[in-house]
Amino acid sequence: MNTASDCLEKYIADAREIVPTVLGIDFEATIWQLPHNRAHLKHRKKLNWKGIPPGLTMLGKAIVANESLPNNGKGRFSSAQFPNTIRLLSQILGERDVTTITRKDFDLAARKLSERKPQLLANTLVQGGSQLKQLAQICNLRRLTETRIEWSNPFHGPSKGEREHLIPPEVFKAFGEIRSTVMATDDNDQDRLLVHSITILICTGLRIGELLTLPADCWHEGNGEDDDGRILKGYWLGYAPEKRGLTEETFPRWIPTALLPIVQESIEEILRITGPARLNALALAEGRVNLPIDLDRDYTLREASALLGLSTVTTLRNGMRDLGIATWNYRSRNHRASGKQIAEYVRRLSDLDPVMTDPFRLDLHDALLVIPSHFFRIRWQETTPLVGTARPMIPSQIQNALRSTKNTPSLFKRFGKRDQKTGKPFSFSPHDPRHTLTTWQIKHGLDQYEVAAYFGRSVERPERSNAHYIDMTLEDLMVLVDRALETGRFQGGWADAIARIKDPVKKEETRNLLAASVGHSQLGICACPEGTTPPTMPEACSRCPGLIVIPGSPEHQRRALEVQTEIEQRIAVYEAQVAEGVFMAGKWMDLEYERQAKHRRVVEVLFSKDALEPGEEPTLIQMGNAKAKEC
C-alpha cells in the first residue's frame with residue numbers, strides 16, 4: 001500500500017507534467033499566470049508563491065495544477081488568494097514534513113486568521129476558512145497526509161436577514177442623486193463614465209467582467225412574441241456570459257421597458273466619451289498613431305507635451321526616460337524628441353491586447369469601455385488623459401468608484417453621501433446589483449428557470465446560481481406559514497408540535513421557529529431537513545420529505561403541471577424502449593412510477609379548493625420523516 005509520501009510524490013510528479021503543457025512556464029517559477037479569457041483581467045490571475053517553504057510550495061502548486069488547470073484554470077484553487085492560504089498554513093507548519101499536517105494545524109491556522117490585525121471582515125474570514133476546508137478535503141481525497149484531516153470551517157457569514165449583498169433603497173437613492181449631479185455638469189467625463197457604467201450594472205445585473213467586455217455595438221433592437229402571439233418590439237444588450245460555456249455570438253440581455261431610457265442614455269454617453277480612445281486603438285492596431293505629428297521631425301518637449309495633452313514638460317521627460325525611449329543631459333535645457341520617439345511613447349503607454357479571446361475575439365477598438373491612459377485620477381490627484389493612447393477599463397476603477405480605498409475616494413465619499421446611522425460613506429460591490437435584481441425577480445414571482453435564463457446561466461442547474469439569492473425575511477416567511485396554516489394542516493412533527501401547544505405565546509414562538517426553518521421552493525415551501533436550498537429540479541421537490549404544498553397558488557400550479565407533463569413524457573419513452581427490448585424493466589421503472597405517483601399527489605393538493613374537515617385527507621402536506629417527528 002502506498003504511503004502518504006509516495007502519494008504526494010506522484011501527485012507532484014503529475015503536476016510537473018501538466019504545468020508546462022497548460023501554462024507554458026516552468027513548474028519552479030515563483031509567479032504563475034493562469035489561463036484567462038479576458039486579457040485585461042490577467043493581473044488578477046497571478047499566483048505568487050514567494051515566501052512559502054519549498055514543501056508547502058510544491059503541495060500548493062500541485063493542487064492548482066491537478067485540480068484547476070485541467071479545467072482551463074477554473075475552480076476552487078485558481079484564485080490569487082490560494083497561495084495566501086498556503087502561506088498562512090506554512091506559519092504553523094514551519095519546517096515539518098507536509099505529510100505530517102493534522103487537524104490541529106488547521107485549527108491554529110484558523111485562529112491566526114481570526115486574530116489578524118486589523119480585524120478581517122466576516123465574509124473574508126468565511127472565504128479563508130472555506131479554502132482551508134477545501135485544502136483539507138483534497139489532502140484526504142488524494143491521501144497526501146499520514147492522518148485523515150476531519151476539519152470544518154469555523155467561520156460563518158451574516159445571517160439570512162443580514163445579507164450584505166442586497167443594496168438598500170437609501171443607497172439607490174443616494175446614487176441617483178449623484179447621477180443627477182454629475183449629469184448636470186459638462187466638463188467631467190471621468191465621473192460621467194463611472195456613473196453610466198454603474199447604471200448599466202444596476203439596470204442589467206451584469207457581472208463586472210461581462211460589463212468590461214461589452215462590444216461597442218452592444219445595443220440592439222429586436223422583435224419578440226408574447227404568450228398571446230402579439231409581436232412586441234424590445235431592446236437588448238449583446239454580451240458574453242462568463243458562466244454559460246462557449247458561444248460564437250453574444251447573448252441577449254433584454255432591457256425592461258421602464259429602464260429603456262436610462263440604459264439607452266448611458267450607452268450613448270459611454271460611446272461618446274470613449275469614442276476618441278477607440279479611434280486611437282484602431283490607429284495603433286493599424287501601425288500608426290492618432291496624432292498630427294511628423295515622424296521625421298524633431299519636437300521640443302514643450303511642443304510634444306502640448307500634442308499629447310500634457311500640462312507640464314516634466315511628465316513627458318520623466319516618462320520617456322523611465323521607459324528607456326530617450327535620455328537627455330540634465331545640464332542642457334534644449335531637450336528635443338523625434339516624432340518616432342513620441343509615437344513609441346504613445347504605444348508603450350497603451351494596452352492593445354484583445355479585451356477577450358473566448359468565447360470569441362474582441363479587439364480593443366471594438367470594445368465599449370476603452371479609455372486613454374491617465375484617464376482617471378491617481379490617488380487624490382487630478383490627471384490629464386494622454387492623447388493618442390488607448391487601454392481597456394479594469395475592474396478596480398469601478399470598484400474604487402463604489403467603495404473607497406486608502407488612496408482613492410469613492411463617488412459616495414466625494415459627493416458626501418453617508419449612512420445616517422454609522423456616518424460612513426455608502427458603498428456596495430459591483431456584484432451586489434446582480435444579487436439584488438435576482439432577489440427582486442424571484443420575490444415577485446418569476447420562475448427560477450426564467451431568472452437563470454435571464455442572467456445567462458445554464459438552466460440545467462438554476463438553483464446553483466439563484467438559490468442563495470432568495471433572501472426572504474422572517475416576515476416574508478411568516479406570511480407563507482400563515483397561509484399554509486390557514487388552508488390545511490401539517491402532518492408529521494410540526495403538526496403535532498403546534499397541536500399540543502395551548503399557550504398563545506408559545507404558539508407564536510413555534511410559528512417563528514417554523515418560519516425560520518423553511519425557505520422558498522418552486523412548488524411551495526421548502527422545509528427540507530437537509531437545508532432550505534431548493535432541489536435541483538421541481539420533480540425532486542415533489543418527492544422531497546420537506547415539501548409543504550399550499551393549495552391555490554397559480555405559479556406553483558403552472559410549474560407542477562409542466563413537471564407532470566415532463567415526467568409522463570419521460571415514462572412513455574422508457575416504456576417504449578422496454579417494449580422494444582432496448583432496456584429490461586426492473587426496479588428503476590418502479591422508482592419512476594413512484595415519482596410519478598408522488599407528483600400527481602402534489603398536483604391534486606395544489607388544485608384542491610376547499611379545506612377539509614379533521615380526519616380527512618389533508619390539503620396541506622409535509623411528508624414527515626424521523627427528523628421532523630422529533631421536532
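The values are calculated or read from the model by the stated rules, or taken from the named source; none is laboratory data. Computed from a predicted model, the values in this text were never measured in an experiment. FYI the Cβ positions are ideal-geometry reconstructions off the backbone, even for glycines, and counts take in every protein chain you see. For accessibility, only protein heavy atoms count, side chains too; no ligands or nucleic acids. Shrake-Rupley method; radii C 1.70, N 1.55, O 1.52, S 1.80 Å.
Computed over protein heavy atoms with a 1.4 angstrom probe, the accessible surface ordering of THR300, THR21, THR357, largest first, is THR21, THR357, THR300. Taking all protein chains as they are arranged and a probe of 1.4 Å, the heavy atoms of ARG111 leave approximately 140 Å² accessible to solvent. The listed residues TRP236, TRP254, TRP49 rank as TRP254, TRP236, TRP49 when sorted by accessible area, largest first, using a 1.4 Å probe.
Which distance in Å, rounded to a whole number, links the C-alpha centroids of the range 262-321 and the range 95-132? Here the two parts' Cα centres lie 48 Å apart.
Exposure check, 1.4 Å probe, all protein chains in place: ARG434 carries approximately 10 Å² of accessible surface.
Here is the link list: LYS117/LYS424; LYS46/LYS117; LYS10/LYS61; LYS173/LYS424; LYS117/LYS413. Which ones come out longer than 23 Å on Cα distance? Pairs exceeding 23 Å: LYS46/LYS117; LYS117/LYS413. As a length-normalised measure over Cα pairs under 8 Å and 6 or more apart, the relative contact order of the range 103-198 settles at 23 percent.
With the simple spin-label model, which puts each label point 7 Å out from Cα in the Cβ direction, the ALA122 to GLU9 separation comes to 4.8 nm. The accessible area of LYS133, taken with all protein chains in place and a 1.4 Å probe, comes to roughly 80 Å².
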